[in-house]
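Asker: After the structure tokens below, expect a handful of questions from me.
The values are calculated or read from the model by the stated rules, or taken from the named source; none is laboratory data. Every value quoted in this text rests on a predicted model; they were computed, and no experiment measured them. Using ideal geometry, Cβ is built from the backbone for each residue, glycine included, and neighbour counts are taken over all protein chains shown. Areas reflect the complete protein model, heavy atoms only, side chains present, ligands, DNA and RNA absent. Shrake-Rupley method; radii C 1.70, N 1.55, O 1.52, S 1.80 Å.
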Protein chains: 2
Amino acid sequence: MRAYDLIIKKRDGNQLTKAEIQFLVHAYTAGTVQDYQMAAWCMAVYFQGMTIDEIAALTMAMAHSGDVFDLGGIQGKKIDKHSTGGVGDTTTLVVAPLVASCGIPVAKMSGKGLGHTGGTIDKLASIPGFRTELTQTEFLDQVRTIQIALVGQTGTLAPADKKLYALRDVTATVDSIPLIASSIMSKKIAAGADGFILDVKTGSGAFMKEIPKAIELAKIMVAIGKSVDKPTVALVTNMDQPLGTMIGNSLEMQEAITILNGQTQCDLTQLSLLLAAEMLILAGHVPNFAQAEREISHKLKNKAGLGKLKEMIQSQGGDCRVVDDPSLLPQAPYRTAVIAAQSGYIQHINSHGLGLVAMQLGAGREHKDSIIDLAVGLELKKKVSDYVQTGETLAVIHSSKQLTAHQSSQVATNYQLTPTKPNSAPLVYEKISFNDV
Amino acid sequence: MRAYDLIIKKRDGNQLTKAEIQFLVHAYTAGTVQDYQMAAWCMAVYFQGMTIDEIAALTMAMAHSGDVFDLGGIQGKKIDKHSTGGVGDTTTLVVAPLVASCGIPVAKMSGKGLGHTGGTIDKLASIPGFRTELTQTEFLDQVRTIQIALVGQTGTLAPADKKLYALRDVTATVDSIPLIASSIMSKKIAAGADGFILDVKTGSGAFMKEIPKAIELAKIMVAIGKSVDKPTVALVTNMDQPLGTMIGNSLEMQEAITILNGQTQCDLTQLSLLLAAEMLILAGHVPNFAQAEREISHKLKNKAGLGKLKEMIQSQGGDCRVVDDPSLLPQAPYRTAVIAAQSGYIQHINSHGLGLVAMQLGAGREHKDSIIDLAVGLELKKKVSDYVQTGETLAVIHSSKQLTAHQSSQVATNYQLTPTKPNSAPLVYEKISFNDV
């Protein structure tokens, strides 16, 4: 088998066999197929697409290119959650403790943030003492004991995907739905779960700006799950404004605590409950959505989720007093209000813009090895559909340095006002499950 | 400027500026743009194509990536000839002496053969003593003195094209008309001529199997010539059967001599006269085709072309007695007849198939560094439209080893017979000049 022939086959719009895709992935990982051939192949995929069989074969070849995490020692169905990345998206920190508090094991590896989107691991790192790296034994033992562990992703999962993604990143071939879907699913499958709940973001703050593209990606990922026999559900959700009211690591950790404490009712709360409910169904814990929702609401009301978060923090070496007193989390020394220059209803908040503001404040990474500031970020005082008066505070900037009036007024340019109350967009555009693919 | 952005621009179907294309070619040649980015860009070009302005910019950037040969010291317009490669295509060896015998300077660099097609330089190398490599001074002096020199291509012409072609060859991006056209024209322009006659082959033995594709390539190359102000004419010619009656280096040299000697009237003769006539017009030597044809026919009849070939061989150190006695050229020790197994009219000869047979006999190169056997090849006794009786000889194989009956009968499979006389296909499908593009 030669890479050359497989490039031609894809270039000419033909379907590669499972064996051909396996060959390509193995040889590329081993270095016997060169970057330039793989780059040409990826560009051919960009134009010609891939069938579900091809995408599933690519996913599995990449998933098995390194270690596949074995969660077999943990009883019960392990359901993993993945978000394609949003701004202010702290759902994992709410969902994971709630689900674990129902007795469902949550053995989750999460990524670090990059660019305008944050990462769960950075948010957890804001808890003094919290260990985001556990040994495999510690990780499994903790899940067996308290049903939950959240750790950083190890470097050996799906190395083929890592190598291929780095190549796609410099050859303008990231933007291909089959390649995005297989990249995500290969890492998830290598992490060892039995099923997946996928939160596919769409809108100005998301990677997928357009709803149809997001639905297409969601369908392909659910189809991959179906083809490898792992229950998978995807929610296509609104990222046309930041989720919740906080952007930044310590700030989002704080927000997750207040939600689990029953103190905040917002879009972030609502989405977290939906995702948690879907996980209960996927895990086979409840037969339908109504029961799932009832159980999750109950765990929120009786603060079982909050208790589970506390247990996890303690078990991973963190200062669990932050749960009762979030002010123990890192605090930025400066706070600057972003003032509305005119009155009106908020029609749109540029989440991508605010994500970049947070990144520039130090909350996110411009490059993979950027050092981040856990305390800084943005606190939104108004969201879409809210009315503001001239001079009212739209948001508060938490920063490490004093900001000028010009800097804070620049942040205000991310808000678009309108004289009439806008129609509210749905939080979830579509739910995709096995029957839909 | 970043290669990444230029890949996206082309991927998304936009037109690159001259400066962008220059950047890409210079940076790629200098090694600051990597193979994998260039491979992705080439695949994007494969799918999105290029405008004439882009192709001309690419051509000129590659032409100027190394030395551009200076033929300014030779008086008169220098017209170069290029064939896209055929089987039995010995036109250069007939055309160049004929044109030079009219007083038009022919300063020509030719390539070696590769795959199923031969190269002029290999054919000349079959003349004992003939030097295919001259110093620049020797080359120019010879053209000034006797109006003709045929030498091998130097390695420093259009190095960007050489590097890019090698990459395209392993990334399945050879088959892109804009990239083919710019590759050919960049080398031709770097070789320093003032104008070009292009012989674009089409049919089973050609790189361009389909006539419309060949016409498209011809039009683009003529348009490049127009955009860089160099008179260019292309003939789209039939390669659905080998040209002439010989395939192989010494054999084709021999055939060129017999044509210049007025002894052979065949499609090769006819095409050579057409190409030579076009060169006379392009050089501004005659105002129209009728006069050009008259002068070329005259030079064939009075054997001035043959005399010119002899002068050139002598000047380049070759044994010029071969002109009077072609049997002095290398002869293969074995000859095996290919016998017709049935009677009928020859409907089609698979030129690609016969080209590969010749290559396997040793006449051509499977790889760039294959050693070739100058003596071996095929001698066609019958061509398309000829009638053969069962048992009659279709061709004679000239080989270095004795062949089995099975081997010679295998060669016969390249002939397709029909009971009724087939319509003859034209030799020239189309002529493209400045007015057509």
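Asker: Give me the 1.4 Å probe accessible area per residue for the range A:3-63, excluding ligands and nucleic acids, in Å².
Answerer: Details: 2140 Å² over 61 residues.
Accessible surface, normalised per residue, equals 35 Å².
Asker: Considering chain A as a Gaussian network with a 10 Å cut-off on Cα pairs, which listed residue, A:Leu58, A:Leu354, A:Leu24, attains the greatest mean-square fluctuation?
Answerer: Sorting by GNM fluctuation, first place goes to A:Leu24.
Asker: Can you give the average number of partner chain beta-carbon atoms within 10 Å of each beta-carbon in peptide B:165-171, as a whole number?
Answerer: On the way: counts 0, 0, 3, 1, 1, 8, 14.
Per residue, the number of nearby Cβ atoms from other chains is 4 on average.
Asker: If you don't mind, another one. Hey, what does the equivalent ellipsoid look like for the range A:291-386, semi-axes from the Cα gyration tensor as sqrt of 5 times each eigenvalue, largest first, whole Å?
Answerer: With the √(5λ) rule applied to the range A:291-386, the semi-axes are 30, 23, 14 Å.
Asker: Run the label-point distances for A:Gln410 please: 7 Å along Cα to Cβ, every other copy, nanometres, shortest first.
Answerer: Ordered by distance, the counterparts are at 7.3 nm.
Asker: To one decimal in nm, how far is A:Pro333 from the same spot in the other copies, if labels go 7 Å from Cα toward Cβ? Please give the shortest first.
Answerer: 9.3
Asker: Once the convex hull of the alpha carbons of the range B:31-134 is built, what does its volume come to per residue, in cubic angstrom?
Answerer: Details: hull volume 19.2 nm³, N = 104.
Enclosed volume per residue, from the Cα hull, is 185 Å³.
Asker: Using the Cα centre as the reference, give the magnitude of the dipole from point charges on the C-beta atoms of the range A:3-63 (Lys, Arg: +1; Asp, Glu: -1; all else neutral), rounded to the nearest 20 debye.
Answerer: 20 debye
Asker: By average Cβ neighbour count within 10 Å, what is the ranking of A:76-83, B:118-125 from highest down?
Answerer: B:118-125, A:76-83
Asker: Rg/Rh for chain B to two decimals, with Rh computed the Kirkwood way over all alpha-carbon pairs. Mind showing how you got there, number by number?
Answerer: Working: Rg = 21.7 Å, Rh = 22.3 Å.
Ratio of gyration radius to Kirkwood radius for chain B: 0.97.
Asker: Any of B:Lys213/B:Lys299; B:Lys10/B:Lys187; B:Lys10/B:Lys163; A:Lys112/A:Lys209; A:Lys187/B:Lys10 with alpha carbons more than 27 Å apart? Name them for me.
Answerer: Flagged as over cut-off: B:Lys213/B:Lys299; A:Lys187/B:Lys10.
Asker: I need the phi-derived Karplus couplings for the range B:246-263: 6.51 cos²θ - 1.76 cosθ + 1.60, θ = phi - 60°, integer Hz, Gly and Pro marked x.
Answerer: Coupling constants for the range B:246-263: 10, 10, x, 6, 4, 5, 6, 4, 4, 5, 4, 5, 5, 5, 5, 8, x, 8 Hz.
Asker: I've got another one for you. Take every Cα pair under 8 Å in chain B that's 6+ residues apart, average their separations, divide by the length, and report that relative contact order as a whole percent. Please list the in-between numbers first.
Answerer: Working: 938 pairs, mean separation 86.9, N = 437.
Value for chain B: 20 percent.
Asker: Please tell me the relative contact order of the range A:333-418 in percent, rounded to the nearest whole number, where contacts are Cα pairs under 8 Å and at least six residues apart.
Answerer: Relative CO of the range A:333-418 lands at 50 percent.
Asker: Which of the residues in the range B:20-57 show a loss of at least 50 Å² in accessible area from their chain by itself to the complete set of protein chains, at a probe of 1.4 Å?
Answerer: The answer is B:Tyr36, B:Met43, B:Phe47.
Asker: What dipole magnitude, in Debye to the nearest 20, does chain A give about its Cα centre under +1 on Lys/Arg Cβ and -1 on Asp/Glu Cβ? Could the numbers behind the result be given before it?
Answerer: Values: 40 positive and 41 negative charges, 38 e Å.
Computed charge dipole of chain A: roughly 180 debye.
Asker: Moving on to the next point. Could you give, in nm with one decimal, how far A:Asp436 is from each other copy of that position, shortest first, with labels 7 Å out from Cα toward Cβ?
Answerer: Result, one decimal in nm: 5.5.
Asker: As a quick test, which of the pairs A:Lys303/A:Lys383; B:Lys81/B:Lys310; A:Lys301/A:Lys368; B:Lys201/B:Lys421; A:Lys78/A:Lys162 have an alpha carbon distance above 31 angstrom in this structure?
Answerer: Beyond 31 Å between Cα atoms: A:Lys301/A:Lys368.
Asker: Moving on. Give me, ordered by chain and number, the residues 5 or more places off B:Ala337 or on other chains with an amide H under 5 Å from its own placed amide H.
Answerer: B:Ile397
Asker: Can I ask one more? What are the ³J(HN,Hα) couplings of the range A:92-107, residue after residue, when phi is run through the Karplus curve with 6.51, -1.76, 1.60 and θ = phi - 60°? Round to Hz, x for glycine and proline.
Answerer: Karplus values, whole Hz, x for Gly and Pro: 4, 5, 9, 5, 4, x, 4, 5, 4, 5, 8, x, 8, x, 10, 10.
Asker: Once you wrap a convex hull around the alpha carbon atoms of the protein assembly as shown, what is its projected area averaged over all directions, in nm²?
Answerer: 44.8 nm²
Asker: Keeping all protein chains in place, calculate the accessible area per residue for the range B:172-317 (probe 1.4 angstrom), answer in Å². Before the final figure, lay out each step's value.
Answerer: Working: 4420 Å² over 146 residues.
Accessible area per residue, the range B:172-317: 30 Å².
Asker: ³J(HN,Hα) across the range B:120-130 via Karplus (A = 6.51, B = -1.76, C = 1.60, θ = phi - 60°), whole Hz, x for Gly/Pro?
Answerer: Rounded to whole hertz, the list is 3, 5, 5, 5, 5, 5, 6, 7, x, x, 4.
Asker: In Å, what Rg and Dmax follow from the Cα atoms of the range A:333-418?
Answerer: Rg, Dmax (Cα atoms, Å): 13.1, 41.
Asker: Another one. Over the Cα atoms of the range A:1-47, Rg to Rh with Kirkwood Rh, two decimal places?
Answerer: A ratio of 0.92.
Asker: Using amide H atoms built 1.01 Å from N in the peptide plane, name the residues 5+ places from A:Asp80, or on other chains, whose amide H lies under 5 Å from its own.
Answerer: A:Asp194, A:Gly195, A:Phe196, A:Ile197
Asker: Could you size up the charge dipole of the protein assembly as shown around its Cα centre, putting +1 on the beta carbon of Lys and Arg and -1 on that of Asp and Glu, and report it in debye to the nearest 20?
Answerer: 220 debye
Asker: Measure off, as a whole percent, the carbon and sulfur share of the 1.4 Å-probe accessible area of the protein assembly as shown, all protein chains present.
Answerer: 49 percent
Asker: Which cross-chain or sequence-distant (5 or more) residues have an amide H under 5 Å from the amide H of A:Glu392, H modelled 1.01 Å from N in plane?
Answerer: A:Ala340
Asker: Here's a follow-up. Averaging sequence separations of C-alpha pairs under 8 Å and six or more residues apart, then dividing by the length of the range B:3-63, give the relative contact order as a whole percent.
Answerer: Rounded, it is 49 percent for the range B:3-63.
Asker: How far is the Cα center of the range A:130-209 from the Cα center of the range A:284-331, in Å?
Answerer: That distance is 23 Å.
Asker: If you take the accessible area of A alone, add that of B alone, and subtract the area of the pair, what total do you get in Å², probe 1.4 Å, to the nearest 100? It would help to have the intermediate numbers written out before the result.
Answerer: Numbers: alone 17900 and 17860 Å², together 33990 Å².
Summing both sides, the interface buries roughly 1800 Å².
Asker: Along the positive direction of the dipole of the protein assembly as shown (beta-carbon charges: Lys, Arg +1; Asp, Glu -1; about the Cα centre), which of B:Gly353, A:Tyr429, B:Ala191 reaches farthest?
Answerer: Positive-most Cα among the choices belongs to A:Tyr429.
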